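Remarks on the structure that follows.
The values are calculated or read from the model by the stated rules, or taken from the named source; none is laboratory data. Predicted model only: the values in this text are computed from it and were never measured. Every residue, glycine as well, gets a Cβ built from its backbone with ideal geometry; the counts of neighbours run over all protein chains shown.
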Ligand SMILES: [Zn+2]
Ligand SMILES: [Zn+2]
Ligand SMILES: [Zn+2]
């Protein structure tokens with residue numbers, strides 16, 4: 001699938017800016033923050049980048065991970081769409097390279113909260129040393 005087709009498959013209109021940001025995200029080994037994206041697109045205006053990221057998140061292309069009050073974004077699984085995200089996997093933060101990595105093969109068990117509580121989000125982050133830093 002081409003970049004354009006991948007975006008279209010998620011119901012995202014493939015504008016030039018979106019294609020560039022998507023290409024950048026695909027190249028990353030870990031999650032990136034808005035500041036990381038902005039740093040790579042210095043010539044683009046920050047509002048456009050922010051909107052692009054928000055669109056990707058809403059359409060099921062990106063999911064956010066918040067650790068220590070910093071929000072980072074990583075690409076979603078194929079199954080994610082506008083209605084539902086299925087990114088219930090563990091996130092691993094490497095204390096050496098500081099990368100946040102999606103461990104898509106490690107799923108987080110479904111957590112039930114007592115009646116009367118509304119669960120919006122669960123932050124489970126594993127910390128340690130990643131494969132690349134370990135070897
Ligand atoms: Zn998702
Ligand atoms: Zn590492
Ligand atoms: Zn993830």
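Pick from 98, 29: which is within 16 Å of ligand 2 (Cβ to nearest atom), surrounded by fewer than 16 Cβ atoms within 10 Å (Cβ to Cβ) and in contact (Cβ under 8 Å) with a residue 12 or more places away in the chain?
Values: 98 fails: in contact (Cβ under 8 Å) with a residue 12 or more places away in the chain.
The match here is 29.
Residues checked against (1) within 16 Å of ligand 3 (Cβ to nearest atom); (2) surrounded by 13 or more Cβ atoms within 10 Å (Cβ to Cβ); (3) free of Cβ contacts under 8 Å to residues at least 12 places away in the same chain:
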site: 52; (1), (2), (3): no, yes, no
site: 64; (1), (2), (3): yes, yes, yes
site: 77; (1), (2), (3): yes, yes, no
site: 80; (1), (2), (3): yes, yes, no
site: 86; (1), (2), (3): yes, yes, yes
site: 91; (1), (2), (3): yes, yes, no
site: 94; (1), (2), (3): yes, yes, no
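Give the residue, chosen from 53, 113, 129, 70, that is farther than 22 Å from residue 10 by Cα, modelled with pLDDT of 90 or more and away from ligand 2 (no atom under 16 Å from the Cβ). Steps first, please.
Numbers: 53 fails: farther than 22 Å from residue 10 by Cα; 129 fails: away from ligand 2 (no atom under 16 Å from the Cβ); 70 fails: modelled with pLDDT of 90 or more.
Answer to the check: 113.
Which number in (1) more than 16 Å from ligand 2 (Cβ to nearest atom); (2) surrounded by fewer than 16 Cβ atoms within 10 Å (Cβ to Cβ); (3) more than 15 Å from the chain's Cα centre (by Cα); (4) modelled with pLDDT of 95 or more marks the one condition that residue 107 misses?
Residue 107 satisfies every listed condition except (4).
Which one of 60, 116 is touching a residue at least 40 places away in the same chain (Cβ under 8 Å) and either out of contact with any strand residue (DSSP E or B) (no Cβ under 9 Å at 6 or more places or on another chain) or within 10 Å of ligand 1 (Cβ to nearest atom) (or both)?
Details: 116 fails: touching a residue at least 40 places away in the same chain (Cβ under 8 Å).
Exactly one residue qualifies, and that residue is 60.
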